[in-house]
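Some notes on the structure that comes next.
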Amino acid sequence: MSRASPPIIVAEKLGKSFQLGEIHRDWAARLFRRGAHAGPAPLLQALCDVDFSVEEGEVFGIIGANGAGKSTLLKILAGITDPSSGRAVLRGRIASLLEVGTGFHPELTGRENVFLNGTILGLHRREIREEYGRIVEFAGLEKFMDTPVKRYSSGMQVRLAFAVAAHLRPEILLVDEVLAVGDIAFQRKCLGAMKEVAGGGRTVLFVSHNMAAVSNLCDRVLMLRQGRVAAIGPADEVIQAYIHSTEDSRALDGRGYVSFHPRQPVLPQAPLLLQAARLVDEEERPVSSAQTGGALRVDVRLEGFDRYPSAVVGLTVRSVFDQKIFHFNSAMAGGFGPVPRHPGEKVRLEIQALPLMAGAYSMDLLVFEPGVRLIDRVDGVLQFDVIESDLYGNGYRGEAREGLIAVQGECAIEGVEDDP
Amino acid sequence: MNNKRLEYIRQPRRGWFDLALGELWAYRDLLAALAWRNLTVRYKQSVIGIAWAILKPVLQMLVFSVVFGRLANLPSDGVPYPVFLYAGLLPWTYFSSAISSASGSLLAGGNMINKVYFPRMILPFSYLFTGLIDLLLAMAVLFGLMAWYRADMVFGPQMLLFPLFLLPAIVFAGGLSLWLCALAVRYRDIHHLVPYLLQVGMFVTPVVYAVQLLPARFQWILQLNPMTGVIEGFRWSLLGKPVEGWGMMGLGCALSVALLFAGMVYFRRVDRTLADIV
């Protein structure tokens, strides 16, 4: 089959490097800095040999860990920054939504900001005037258009900004994590609007950490790892590869512990109590999986936990789509009882009859004082697989894609239903 | 239809003289929107609002009239000193406020620069237009002053020429702003330097005095300053004050055009890595 139209986006060997440290290299700058010797500055290779192409009408996802180069790639495509090597060709009008409300000025009213934001995104006043009514209606902010934006809630700002962008009628829409804010109803609306944009023959590039949104929206996905293309292909395949790759990259010590260092505290000046954790089986061997209906044993290493005698250690299990499935903590299990405490402690949490269908999951760990405050938390640190087991005793094997929770029950045929 | 599609190519930029003027024109509505934003934001939540645009030069005129007109008794070529002064203060105030706000525009607009593409030259340029609106408002006071002092007004065709003398002011302010704001990205020193540059600038420009105050053999230095031409032109077209040294002032204008061009070249150079360092 010969394709009628060439790909709408083609990237060839795109690369981007940043100079680290202080930048004093251009000629005018040297006038001021004569004598300071200009040694070769260290370079950070943020993107390297990135090749891909996107067909017209596709919704194309870009995923990867923090620092993998996703945002840099999007900025290059948007023209915000130039690549250091390679080239990309985009055929069509581009709108980039790297942050909602770019150029929103808090002192200006909603109406003034619609015009400002629209012109920043490349529209002419005339076009905005034509679309204005629809923009306001989409945002659902008819009553607030003469109020300064600084009095808006952040959700309202997002709605207004997205409304402007959704009415740009671009041929290519570049979107970066804008759906992270806003309430559920509006997120759905935005997803719907993006699909509509795509459905109208338009092309969407979507960068996100939200695997549910990526899987839901995208046809194909590109995974970046340390600035290089790690995988490219159908959405669900690449998402699965991504989930497994994050697992492999974790540093394990000899006893199977996943270390949480280095990291930032959840709140400024909060203590870093959580040190490392591992999963173990019945024979105390470190593992990376559990069985449906089996036990899930988690060892958590803590530092300074003895200073918080009323604190509770808990875990939250999440699906690949980042939904919380269940939470379990030491208070539910009756607390630790009156035992001598030490600065460096290991806590074991054990869940019996794990009610999860086979699939990939992740776990957050947290330490908190119930009803008082959160002391420490690490998100998504333990990745593990749940392996199918003969839970029903008849060979039926359940999978996470049918539903995450494994339940037990009965069935029977009770004759023909009588007419009521 | 695909043949007629816009095509954007992202690749490392090379060459010196790619000024992307066509793009600047395509984004003219943004220029207007930003100029308007600068103006409205400045006067939001103030009681007298845009009246400040008039009040500021008037207050300055009052202070300087007392100090330089009454106390120092500077000559003003037969025109009442306050009128003479105000006709010079108008273009100077425009110039200095354009420079001081435009020179920090790239740093202030960091968030926009990082998140969306637009021709970045629009940021400093928008302040050139904001200042023009202030200037036109403050012009009203000049006509009031002229009537009050019954100055010899030259109602004639030359009065219509005063906007023409704003052109070199815009070009000069634009050129200088491009240099300052591009340098300020790397050197925050510029931020501290600009107020002093402007203070000195005001005294090497005939704002509070007339060019003739200087010995004739030094006057050409003053005339090379493009703002001298602007102010002399204002006084000539509005107050009918005779002007000497058109040649030198023409050269000053030519210099400011060169400064603007060089500023654009340097700005585009800095622009390549702007989003990475702002």
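Based on what the data block shows, is A:G103 in contact (Cβ under 8 Å) with a residue 40 or more places away in the chain, buried (at least 20 other Cβ atoms within 10 Å of the Cβ) and either over 16 Å from A:V175 (Cα atoms) or within 14 Å of chain B (Cβ to nearest Cβ) (or both)? No, not satisfied.
Looking across the stretch B:246-278, just one residue is in contact with a Phe, Trp or Tyr (Cβ under 7 Å, 6 or more places away or on another chain), surrounded by fewer than 22 Cβ atoms within 10 Å (Cβ to Cβ) and more than 14 Å from chain A (Cβ to nearest Cβ), and that is B:M248. Inspection of the stretch B:31-51 finds a residue satisfying the criterion of being assigned to a loop (DSSP other than H, G, I, E, B), at the interface with chain A (Cβ under 10 Å from one of its Cβ atoms) and not small (G, A, S). Just one of (1) away from every other protein chain (no Cβ under 11 Å); (2) open to solvent by 40 Å² or more (accessible area, probe 1.4 Å); (3) under 17 Å from B:L132 (Cα atoms) fails for B:L89. It is (2). Scanning the stretch A:91-100 for residues that are within 19 Å of B:N114 (Cα to Cα), among the small types (G, A, S) and either in a loop (DSSP other than H, G, I, E, B) or more than 7 Å from chain B (Cβ to nearest Cβ) (or both) turns up just one, A:A95.
Filtered by the rule that a residue be without any contact (Cβ under 8 Å) to a residue 24 or more places away in the chain and more than 29 Å from A:N216 (Cβ to Cβ), the stretch A:380-408 gives A:D390, A:Y392, A:G393, A:N394, A:G395, A:Q408. Going through (1) at the interface with chain A (Cβ under 10 Å from one of its Cβ atoms); (2) under 27 Å from A:H105 (Cα atoms) one by one, B:R10 falls short only on (2).
Name every residue in the stretch A:357-379 that is surrounded by fewer than 16 Cβ atoms within 10 Å (Cβ to Cβ) and part of a strand (DSSP E or B), in order of residue number. Scanning the stretch A:357-379 gives A:E369, A:R373, A:L374, A:D379. Would you confirm, using the coordinates I've provided, whether B:A182 is in a helix (DSSP H, G or I), at pLDDT below 90 and at negative phi? It is false that B:A182 is in a helix (DSSP H, G or I), at pLDDT below 90 and at negative phi. Residues that are part of a loop (DSSP other than H, G, I, E, B) and farther than 20 Å from B:G110 by Cα were ranked within the stretch A:108-135; the one that is least open to solvent (accessible area, probe 1.4 Å) is A:L123.
Among the residues here, B:S76 does not qualify as part of a loop (DSSP other than H, G, I, E, B), under 29 Å from B:L132 (Cα atoms) and within 14 Å of chain A (Cβ to nearest Cβ).
The values are calculated or read from the model by the stated rules, or taken from the named source; none is laboratory data. Small disclaimer: the values here were computed from a predicted structure and weren't measured. Virtual Cβ from ideal backbone geometry, glycine too; neighbours counted across all protein chains shown. Just the protein is used for accessible areas: all its heavy atoms, side chains included, with ligands, DNA and RNA removed. Shrake-Rupley method; radii C 1.70, N 1.55, O 1.52, S 1.80 Å.
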